[in-house]
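Read through the structure below, which is laid out as structure tokens, and then see the notes.
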Amino acid sequence: MNAAIMILLFLGLMFAGFPIAYSMALSAVVALAIEGQVPLLLLAQQFYAALDNFSLLAIPLFILAGELMNTGGITERLVRFTGALLGHIRGGLAHANILTNMFMAAISGSAAADAAAIGSMMIPAMKRDGYKAEFAVAVTSSAALMGPIIPPSIVAVIYGSITNVSIGGLLLAGAVPGVLAGLGMMVVAYFMSARYGGAAAKRATVAEFWSACLRVIPAAIMPAIILGGIVSGAFTPTEAAGVAAGYGFIYGLIERKFTPKVLYHLFFNAASVSASVLVTLAGAGLFGWVLARAGTAEAALHALAAITDNPQVALVIILAFLLFLGGLVETVPAMILSVPVLQPIAKSFHYDPVHFGCLVLMTLVLGAVMPPTGIVAMICCRIGGVTFAATLKLLLPFVLWWFALILVVAFVPQIALWLPSVML
């Protein structure tokens, strides 16, 4: 009963315009106050306990690293390199957009950050070259979804911290599916460009190509440092985030991109985004604790068992639920709301924890371009000056490819598990 009251109150507050973090925390407080059996002092303890995890320190550090690298000029170098590599073929700027997002995903770990950084450069450029604005927005927003999948991934760190699943394993598990997602989107973009694309760019000269290759090397070094350090055991994912931030800071100093004023804004933005993520995480942790206390996970397990005892059918049902939830709630709170309920189900069906975690992240992240919230798509729509509704038709082929890939990864686990098994 408490869980039902809390969920209804949460949905009411969210649709009334309350921030998600406050909606979850307030609905949990009200539900426990109505029950009257738990001292409200426990709420403060649970709110703090949700953040009392060393692994979560990686979140502000990865966010800071992304801010430093963006301002340091890495994004511009990536765009120039991918344009020199692919700009001359049909839909060249669309392919360059996707490939830039693939490289940027290995730096920032955030879909929203990638959408804002790359979209602000690529969407206007695609519009100038004759690409339909809605197509430019669809390409950018769907490509930005690789950010939380290809390592490093902020949401993978959060998932690992709340489930005790290997964070290193989760990071590596997203690498192959993330690359496959990018390659598949390039195929989709190639065919769609015949109708919605602009003129192909002039082929880069040999000198221009090698110049772009040399200039992109600093961007390629950073993912190698992060993944190489984690795989070799030189440092933990949290320490890798610190190394990445340090590398971004030194790189920006060498490029003379940082002034005291610029650094102030960088650290302020990183702190603001980190605070927003962590407050949401704390509110969702409190909400999840009340759900767990109410026996929601056991009830969900019994309900699913009543529908099917086939692990594959159950997995499809879980993915459909996650896709719906991801379109309704942002990725981080959606994950914290669903994982405490789904983890016992995953154990009962003997799903591999790393494989299941990868599927949860891929499916929830897909919701970031789907109505009603579609936060990543909304960011790109603002940059492109188009409405979300006008973009949906051109976004659909990319969404279908993402979902098809999720199903393939679901039924061929080695796609996600091969790299962790080899590297770890």
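The values are calculated or read from the model by the stated rules, or taken from the named source; none is laboratory data. For clarity, every value in this text was computed on a predicted model and none was experimentally measured. Here the Cβ is made from the backbone with ideal geometry for all residues, glycine too, and neighbour counts use every protein chain on show.
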Residue list for segment 40-64, filter: in contact with a helix residue (DSSP H, G or I) (Cβ under 9 Å, 6 or more places away or on another chain) and either free of Cβ contacts under 8 Å to residues at least 40 places away in the same chain or exposed (fewer than 13 other Cβ atoms within 10 Å of the Cβ) (or both): Leu40, Leu42, Tyr48, Phe54
Can you give me the ranges of the helices (runs of 4 or more DSSP H) entirely in segment 1-53 with at least 3 residues that are over 14 Å from Gly285 (Cβ atoms)? 2-15, 20-35
Could you tell me which numbered condition Lys202 fails, if it satisfies all but one of (1) in contact (Cβ under 8 Å) with a residue 12 or more places away in the chain; (2) farther than 24 Å from Thr236 by Cβ; (3) part of a helix (DSSP H, G or I)? (3)
Kindly indicate whether any position in segment 318-326 is assigned to a helix (DSSP H, G or I), under 30 Å from Ile7 (Cβ atoms), under 19 Å from the mean Cα position of the chain (by Cα) and touching a residue at least 60 places away in the same chain (Cβ under 8 Å). yes
Which members of segment 240-259 meet the condition of being without any contact (Cβ under 8 Å) to a residue 24 or more places away in the chain and either in contact with an Asp or Glu (Cβ under 6 Å, 6 or more places away or on another chain) or surrounded by fewer than 17 Cβ atoms within 10 Å (Cβ to Cβ) (or both)? Gly246, Ile250, Leu253, Ile254, Arg256, Thr259
Output for segment 275-324, where each listed residue is at pLDDT below 85 and among the polar types (S, T, N, Q): Ser276, Thr280, Thr296
Which number in (1) more than 18 Å from the chain's Cα centre (by Cα); (2) touching a residue at least 40 places away in the same chain (Cβ under 8 Å); (3) buried (at least 16 other Cβ atoms within 10 Å of the Cβ) marks the one condition that Ala368 misses? (1)
Give the residues of segment 165-193 that are of a type in the set (Ser, Thr, Tyr) and free of Cβ contacts under 8 Å to residues at least 60 places away in the same chain, sorted by residue number. none
Go through segment 114-134 and count every residue that is in a helix (DSSP H, G or I) and surrounded by fewer than 24 Cβ atoms within 10 Å (Cβ to Cβ). 9
Is it fair to say Ala294 is touching a residue at least 40 places away in the same chain (Cβ under 8 Å), within 28 Å of Tyr48 (Cα to Cα) and either among the hydroxyl-bearing types (Ser, Thr, Tyr) or surrounded by 20 or more Cβ atoms within 10 Å (Cβ to Cβ) (or both)? no
